[in-house]
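The values are calculated or read from the model by the stated rules, or taken from the named source; none is laboratory data. Note that the structure is a prediction, hence the values are computed from the model and not measured. Using ideal geometry, Cβ is built from the backbone for each residue, glycine included, and neighbour counts are taken over all protein chains shown. Each accessible area value is taken on the protein alone, full model and side chains, heavy atoms only, with ligands, DNA and RNA left out. Shrake-Rupley method; radii C 1.70, N 1.55, O 1.52, S 1.80 Å.
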Amino acid sequence: MFGPDYTAGCPNCSAIADGFNGCAAHLANHDVMLWAVSRAPLAKLQAYKRRMGWSFPGASSSGSDFNYEFNVSFTEEQQRSGNIEYNYRKSGVSSRKDAVAESEAAPDSGAAKLAAGVGVDWVTFIREAPGMSAFALEEGVVYHTYSAYARGLDGLWVAYQWLDRAPKGRNETGLWFRRHDEYDKGASKDCCA
């Protein structure tokens, strides 16, 4: 997830994408292509891919309705009206008003740090949401065959698969993840500090 206003990709989505390089070749040799799509301009996405060392295919949906059609991007108007469907529920993103209020009241909250880590405020950050969709191309017709959102994406996060089998499991206390090139920067244990 890399919104058009972001200065960097979301740390959570980046952690998930870190696992894509290893499987992309296997998928391609099984007639399946993995593509990461974000609304950021292509030049920003390519620079970020270089920074992260990723080689899997990616594309920008900037200027198109692609992300909106699959309910992973939302307009300011949708957000204000609460007319949002995410993860097969109405108002999924806008129902996080408590998180919006928390981030405004406490600039050092996890929500505010996550948003600040990509260069935006929390309200702007949650206009982009994670999701994945699968498509089939048969005889020139594209079919949408599957979508998953939110915690439905946990299976794609390779680190979670390992942590789920570790002695203490995920052992999560707040936002613990960062971009892989930021762990050694001496920041606090909270995400994006």
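Which value, in Å to one decimal place, does the Kirkwood hydrodynamic radius take for the chain when every pair of different Cα atoms is included?
For the chain, inverting the mean 1/r across all distinct Cα pairs yields 17.8 Å.
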**Report entry** Note, ³J(HN,Hα) from phi for the range 11-19, Karplus 6.51, -1.76, 1.60, rounded to Hz, x at Gly and Pro
**Finding:** x, 5, 5, 5, 5, 5, 5, 4, x
Query raised in the report: Based solely on its DSSP helices, what 222 nm [θ] is calculated for the chain when runs of n ≥ 4 H residues each add -39,500 (n - 2.57) and the sum is averaged over all residues, nearest 500 deg cm²/dmol?
Result: -8000 deg cm²/dmol
Requested in this report: Quick one: among ASP154, ASP31, ASP164, which has the greatest mean-square fluctuation in a GNM of the chain with alpha-carbon springs under 10 angstrom?
Outcome: ASP31
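More than 14 Å apart: what percent of Cα pairs in the range 110-161 qualify?
Details: 889 of 1326 pairs.
That tail contains 67 percent of the Cα-Cα pairs.
How much of the accessible area of the chain, in percent, comes from carbon and sulfur atoms when a 1.4 Å probe is used? The partial results should precede the final answer.
Values: 6040 of 11240 Å².
Carbon-and-sulfur percentage of accessible area, whole number: 54.
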Query raised in the report: Going toward the positive end of the dipole of the chain, with +1 on Lys and Arg Cβ and -1 on Asp and Glu Cβ, which of VAL118, SER38, GLN78 do you reach last?
Result: VAL118
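Could you report the chain's accessible area per residue, 1.4 Å probe, as an integer in Å²? Before the final figure, lay out each step's value.
On the way: 11240 Å² over 193 residues.
On a per-residue basis, 58 Å².
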Query - Electrostatic dipole magnitude of the chain [Cβ: Lys, Arg +1; Asp, Glu -1; Cα centre; debye, to 20] - result: 440 debye
Query raised in the report: How large is ³J(HN,Hα), in whole Hz, for each residue of the range 127-144 in order, when computed from phi with the Karplus curve 6.51 cos²θ - 1.76 cosθ + 1.60 and θ = phi - 60°, using x for Gly and Pro?
Result: 6, 10, 10, x, x, 9, 9, 10, 9, 10, 10, 9, 6, x, 10, 9, 10, 8
Report summary line: Connecting every pair of Cα atoms under 10 Å apart in the chain and solving the GNM, the largest mean-square fluctuation among VAL141, VAL32, VAL158 falls on VAL141
Requested in this report: For TYR86, enumerate residues with amide H under 5 Å from its amide H, sequence gap 5+ or separate chain, H modeled in the peptide plane.
Outcome: SER91, GLY92, VAL93
Query raised in the report: How far apart, in nm, are two points set 7 Å out from the Cα along the Cα-to-Cβ line at VAL141 and at ASP121?
Result: 4.7 nm
Query - Choice from ALA40, ALA129, ALA148 with maximal GNM fluctuation in the chain (Cα, 10 Å cutoff) - result: ALA148
Report summary line: Excluding near-sequence neighbours (fewer than 8 apart on one chain), the chain holds lysine pairs with C-alpha atoms under 26 Å apart numbering 12
